[in-house]
Each structure stands twice: as structure tokens, then as C-alpha cells.
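In what follows, a structure is listed as C-alpha cells, so that the remarks can point back to it.
The values are calculated or read from the model by the stated rules, or taken from the named source; none is laboratory data. These numbers were taken from a predicted model, which means no experiment stands behind them. Counting neighbours? That spans all protein chains shown, and the Cβs are built from the backbone with ideal geometry, glycine included. Note: areas computed on protein heavy atoms with side chains; ligands, DNA, RNA excluded. Shrake-Rupley method; radii C 1.70, N 1.55, O 1.52, S 1.80 Å.
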Amino acid sequence: MISFYPGPSRVDDRLPAFVRDAHRLGILSMNHRSPEFMALCKKTVGLLRKKIGLPATYPVFFTSSATECWEIIAQSVVEVRSVHVFNGAFGEKWFDYTRRLRPEARAVVFGRDEEFSPSLLAGTAEEVICITQNETSNGTQLANTVIRTVKKNHPGCLVAVDATSSMAGIRLDYTAGDIWFASVQKCFGLPAGLAVMAVSPVAMKRISAIGEKKHYNSMVLMDEMMAKWQTPYTPNVLALYLLLRTLENRSPMSAVHKKTKQRFEAWQKFFHASAKMELLVRRPAARSYTVIAVKGDPGHLADVKLEARKKGFLLGEGYGSLRDETFRIANFPALKDTEIRSLMRFLSRHV
Ligand SMILES: *Cc1c(COP(=O)(O)O)cnc(C)c1O
């Protein structure tokens, strides 16, 4: 079964060999306070900068999930108020989780086919602006320039960006935001259970001034530990090792971006020619490069999903309220050209 689910999704082909190496090399029982672990952690961070493009000046942290990153930001970065701009279910979930800890959080909702206008944030008095760069639930994305404009318009605010389903799949303008995070089961081609967070020097200064230390993953404590290439808790060392190994052989981000975009364009063309299915997002500029959301008659889509499964393709269900009228196709780097062609061949019998 080839998983085109937009997370967890198809994993890197070399994982079985890397897992065997991890066992052989003693990684599975590695002590997380040992010099060996510190070297592994340091090397992984270096590779994230080199291969993914995380800025050299942004400290990098490891957590267990993107959801945990939402909570860490609410705890350690937002003192009183954050504002959440979103057009879909993941942005809304981030808002909901934050609201439980910071009841004054505010939501600014825009339409799926509406252009995100920076003026939506006019008059923002909150400390942190929370943006979902790639909305996995409906297949939309925000351009780098939008995020840069938001930061420029609100120089006193920190800008936090959920890039869970785009980081490592497309080029992102990391210096335009202050906090970026993603879990690895999307564009990194790895199993779930690890997330990466990068934080600007300005945000680090704010975090240390706030000095929140009530939680094991308070950012002040995470920062103290990361200064020694460690984490406050025993981390998933295997997941870190797999991240390191897959990053080592990764193509440069510019090549990955180009390929992701070309594949997106091929999918766009494919559905443009279809009579029974179309892309959910009507405005081309709003379409995500990494998550393709396809709309159609619910009865027809149910047949397609079922038939696909029989033929060995796992399609992503529609998310939340879009469950029946859409399905989603991951356009993540670990998928192979041949696999995408096979799925297109299969779908071309149902268009
Ligand atoms: C998948 C996803 C999440 C949740 O990731 P977890 O690792 O399950 O916490 C959050 N935000 C976006 C945009 C996602 O695509």
C-alpha cells in the first residue's frame, strides 16, 4: 500500500536500513546525557540548517509533535494574548488549544477562496500572531511574501508559523517569521513522534524575559538544555537518528522545492482536465503545493477511495466537515515519480 495520506504518509525508502544501523550502532540504548547523544543532536541541527534552510541564528528545538509546539507557544511565548488567522481546521485547532491556556486569544477567520489580506490584522494589539502556512485540511497555503508583510506591518509582534505539512517540502522564508515548527510525518518522510521548532533571536529574548518555567517543556528550560545539545526529557533518539540519516542524503532545498512545484502543477493539470473531479481550492494562488484537495460528488469519491485502496493506493480522507466531498493527496518528497504516475493512471479511469 502506498500512502498518499497527507500525514502520516509514505516514508523514506531507506528507513529499514537506517533502523538496522541504529540497532547495530547502539543508538537504541544511547544515553541522552552522553557525549554521543550530544554529538548526534548537534549534527542533526546542523543538517536542518544546511538541508532545510533553517537560519543559522535561530536556535532549533525538538518536541514530540506539532500539537505540542502549539501548547509550548501558548505557555512560554504568549503572556496574555495571541491572535490566530486561519481558514481551516488546523488553524482552528491551534486557536482552540491556545484558548484553553490563554482565554483571551482571538480568532481572525478568512474564507478558503478569499485572498489573505494583511489588513485583516489591522489594529492587532496581541503579542503573538499565529499563522498556518499550509492548511492541511483544505489544501491552501500562504505565500512567503504574505508572512513577510505581516511581520513588517507588526514589528512589535512575534509571528509564529505552523509549517507542519510544508517544511522540508517547499522553500520557506524563515527569517520572515519568529517561530516555525513542523512534525516529521509529513514532508520529512519519517514516522510520527518528533517535531522540529526554530525560533528567532528576537523571540528568544522575549521568551527569556517572560521566564515561564512551569512545564517540563517550558522554552526557557528547553533552551538551557539545548545549549548542551540535550532535551529536558528522554527524547526519541531513534527518531532523531532517522532524521539525521535521511537529511544527510537529501537533495538541496532548491531542488526539492522545484520538484514539489512541478508535481503540483502536474496534479493541477490532471484535475483541470477532469469532468467529475476538481481541485477544492478555486484560486490558483491559494493552492498548496504539498497537499492536493480534490472535490467531487460524495458518492463518486467514496467509490474512488475504495477502489484506490483495492489497487494499493491510500488516499487521504477529506478532513472534518469536508470528509465526504473531498479527498486529499499528499505531494510529499518521499513519494516517487513512478508512484505518482501509477496513481494518475488509476485516477484517469475515474475522472
Ligand atoms: C498534521 C498537522 C498538525 C498536527 O501534527 P501532530 O504532529 O499530529 O501534532 C498540526 N498542524 C498542521 C498544519 C498539520 O498538518
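Accessible surface of Met167, taken over heavy atoms with a 1.4 Å probe and every protein chain present, rounds to 0 Å².
Shape analysis of the chain based on the Cα gyration tensor places the equivalent ellipsoid semi-axes at 32, 27, 16 Å, largest first. Computed on the chain, with alpha-carbon pairs under 8 angstrom and 6+ residues apart, the relative contact order is 25 percent. May I ask which of Lys151/Lys213; Lys43/Lys151; Lys186/Lys336 have a Cα-Cα span longer than 21 Å here? Over 21 Å apart, Cα to Cα: Lys151/Lys213; Lys43/Lys151. Using 0.36 nm per residue and subtracting the Cα-Cα separation, the extra length available between Lys310 and Gln268 on full extension is 12.7 nm.
Solvent-accessible surface (1.4 Å probe) assigned to His350 amounts to roughly 40 Å². Over the chain, accessible surface divided per residue gives 42 Å², non-protein components excluded, 1.4 Å probe.
Using the Cβ-Cβ distance between Asp324 and Glu115 with R0 set to 30 Å, the FRET efficiency works out to roughly 0.65.
Both numbers refer to the Cα atoms of region 221-320; Rg and Dmax are 19.9, 57 Å. Where in the chain lies the longest segment free of GluC sites (Glu not before Pro) that are both loop residues by DSSP (not H, G, I, E, B) and have at most 16 other Cβ atoms within 10 Å? The longest uninterrupted stretch comes out as 116-324. Computed with a 1.4 Å probe on the full set of protein chains, the accessible area for Leu172 sits at about 20 Å².
Compute a Gaussian network model of the chain, connecting alpha carbons closer than 10 Å, and tell me which residue from Pro333, Pro155, Pro201 fluctuates the most. Of Pro333, Pro155, Pro201, the Gaussian network model singles out Pro155 as fluctuating most.
Here region 149-276 has 55 percent of its accessible surface on carbon and sulfur atoms, given a 1.4 Å probe and all protein chains in place. Prolate is the label for region 46-99, because the ratio a/c of its alpha-carbon gyration tensor axes (a ≥ b ≥ c) is 1.5 or higher and a/b is greater than b/c.
The distance separating the Cα centre of region 20-43 from that of region 180-197 comes to 19 Å. Springs between Cα atoms under 10 Å define the GNM used for the chain, and in it the highest mean-square fluctuation of Ile179, Ile73, Ile210 occurs at Ile210. Calculated [222 nm] ellipticity per residue, helices only, for the chain: -11500 deg cm²/dmol; basis is -39500 (n - 2.57) per DSSP H run with n ≥ 4, divided by all residues, nearest 500. Placing pseudo-labels 7 Å out from each Cα toward the beta carbon at Ser34 and Ala285 gives an inter-label distance of 5.4 nm. Phi angles of region 54-68 translate, via the Karplus equation with coefficients 6.51, -1.76, 1.60 and θ = phi - 60°, into HN-Hα couplings of 4, x, 4, 8, 8, x, 10, 10, 10, 9, 8, 6, 5, 4, 5 Hz per residue; Gly and Pro are given as x. Multiplying the residue separation of Thr57 and Ser342 by 0.36 nm and subtracting their alpha-carbon distance yields 98.4 nm. With no solvent and one point on each alpha carbon, what is the Debye value of log10 I(q)/I(0) for region 1-123 at q = 0.13, 0.14, 0.23 Å⁻¹? Log-scaled intensity ratios, in q order: -0.85, -0.95, -1.31. In this Cβ point-charge picture (+1 for Lys and Arg, -1 for Asp and Glu), the chain has a dipole of about 1020 debye about its Cα centre. Note on Glu278 and Leu101: their simple-model spin labels are 4.1 nm apart, each label 7 Å out from Cα toward Cβ.
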